Amino acid sequence: MSKIKDFLRFFSRSTPFLLGNTLSFLPYLLFLNYSDGLTWRSLVPFVLFYTFRMTGIFLLRAMPTGVNSYTLLMIAILLGCGGSLVGTLGFMFPSFYKVAALALGLSAAWFLPAKLTVDQEEAATGYQTLKPAYMVGGMLLASVLFLTLSVGSVAGRTFSFAAYTIFYVASYHTVTHYPHFDLHFAGFRKRLLQAKQVGLFTGFLLLLVLLTLLPNVVASWESGLILMATCIIFVLLVILTAPNSPQKRLPRGLVWLTGANGMVANFLFLFGSLYVSTIEGASQVPLRVFLPYILGMVLGLLLRPLLLARVGETWAPQVLLLGQVVGLLLFLLFPKISLGLAVVSLFRSMTTAWLNDVYQRQPTLPENQRLLAKFTLQHKGSLLHQGILLVMLSGLLLLKGLPQSALRILTTYTAASLQEKAVLEMAKDLNVTFLVIALVALAIDWHRHPVTLTKPTVEQSSQEK
């Protein structure tokens, strides 16, 4: 009996790490698999999940500071648990997938920032929430989800939702047993939401929904121009809102590095899966995208302490950026993107964990807003890349004389013609070139204008997004 209890305790304590490292992309693949590429209704769950995952951070910024990190983490867990449970019933009631997508999108946006802050607060009191054994357990559980995604059927999708429900319940049990666990809703009695951040959330939400659905309805040359104009407005909105507080109190190099990290993430998650599904088929996405990403992430978590000990924190940003550049160049050298994706994932994993540590030590920000500022900037980088990607695809279709309706094929799991595949290959090369130039310029700027970093006072917990 004691061995069973030990196993269940180990399983339960591994689930927060699992959720923190898979919520950003596994449900994304799950809902994209649900899309048949033929009707826009089948794409709605994916649109809802992707949109709320990317914009939910702005709604989180709108919440009053009286809501502490433990409370936010519990809200994210309860939302995710409810969404997963509803998704389990989606095979009987397809409309339930929309509810599941919305709830899981918000959970994915809120879970990791809240969890990392809780980890930091617990570590400051001497309690270690994350141990190497729990990381191994989380990776083993992730392999179970990988197998279910590889099935790609209704049964596999239902099992994935059921597994996530169990993981959320176990995570709830683990978090409520933290020594300093405390729920605090005092802020809700003072003020519910901040109008400025709600406006940002609403603006990004509507534009992102429009950008995601427009490729499935545009057909004419004129509507293609409307799409491009919408994309440009979206990009400008991201850029113009970048200096908003509290980011303006952060060093410029740190802000740019965080935004670039988000852009690389969007390239890996969104473009990588769309590229593989269009060129090789949707069934290859788990093997060609998910598996290399997981391997790179695990190696990054293991090798980061060794790399930082060797190069030092002063040179860490340049080395991590140049490592991502090498991985991006592999996208151009090999027809299969798996190797390049694994290398980029490895160095991006190190960059993300390093940024988490740096933001947790920023004296210019309130303690409970530090990681929130990091994730806000990172999501803005992802949104910026999303707008640039759609402008790029739409422009290439215009140059090639192809109808704008081809965007529906290029942005869903649909068989593409040779001409459309050629457009996607050109988009890949342009994406890689753009990101390589941006990362190299950022590494040079960091070398010329190094950012003074605050020395750590406690051992920080490091975790991938």
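Observations on the structure shown:
- Separation of the residue 418 and residue 127 label points, Cα + 7 Å toward Cβ, nm: 6.3 nm
- Each Lys or Arg adds one and each Asp or Glu takes one away; over the other residues whose Cβ falls under 15 Å from the Cβ of residue 441, this sums to +1.
- In order along the range 349-364, the phi-based Karplus estimate (6.51 cos²θ - 1.76 cosθ + 1.60, θ = phi - 60°) of 3J(HN,Hα) comes to 4, 5, 5, 4, 5, 5, 5, 4, 5, 5, 5, 5, 10, 6, x, 7 Hz; Gly and Pro are listed as x.
- In Å², nearest 10: area of residue 34 left accessible to a 1.4 Å probe: 60 Å²
- Vicinal HN-Hα couplings computed from phi for the range 136-142 (Karplus, 6.51 cos²θ - 1.76 cosθ + 1.60; Hz; Gly/Pro x): 4, x, x, 5, 5, 5, 5
- Full-stretch length increase - residue 95, residue 136 - with 0.36 nm per residue and alpha-carbon distance subtracted: 11.2 nm
- For residue 446, the solvent-accessible surface computed with a 1.4 Å probe is close to 10 Å², ligands and nucleic acids excluded.
- Overall form of the range 326-399 per C-alpha gyration tensor (a/c, 1.5; a/b vs b/c): oblate
- Ligands, DNA and RNA excluded, the heavy atoms of residue 9 present near 110 Å² of accessible surface to a 1.4 Å solvent probe.
- Working from label points 7 Å from Cα in the Cα-to-Cβ sense, the residue 306 to residue 144 distance is 3.0 nm.
- Gyration tensor verdict on the range 101-141 (Cα atoms; rounded if a/c is under 1.5, prolate if a/b is larger than b/c, oblate otherwise): oblate
- Rounded to 0.05, the FRET efficiency of the residue 426 and residue 41 pair, given R0 = 22 Å and the Cβ-Cβ distance, is 0.10.
- Distance between modelled label sites at residue 441 and residue 322, nm, 7 Å Cα→Cβ extension: 2.0 nm
- Efficiency of FRET from Cβ geometry, residue 295 and residue 154, R₀ 30 Å, rounded to 0.05: 0.60
The values are calculated or read from the model by the stated rules, or taken from the named source; none is laboratory data. What you are looking at is a predicted structure, and each value in this text was computed from that prediction instead of being measured. Cβ coordinates were reconstructed from backbone atoms using ideal geometry, including for glycine residues, and neighbour counts include every protein chain displayed. Note: accessible area is taken over every heavy atom of the protein model, side chains too, but ligands, DNA and RNA are not part of it. Shrake-Rupley method; radii C 1.70, N 1.55, O 1.52, S 1.80 Å.
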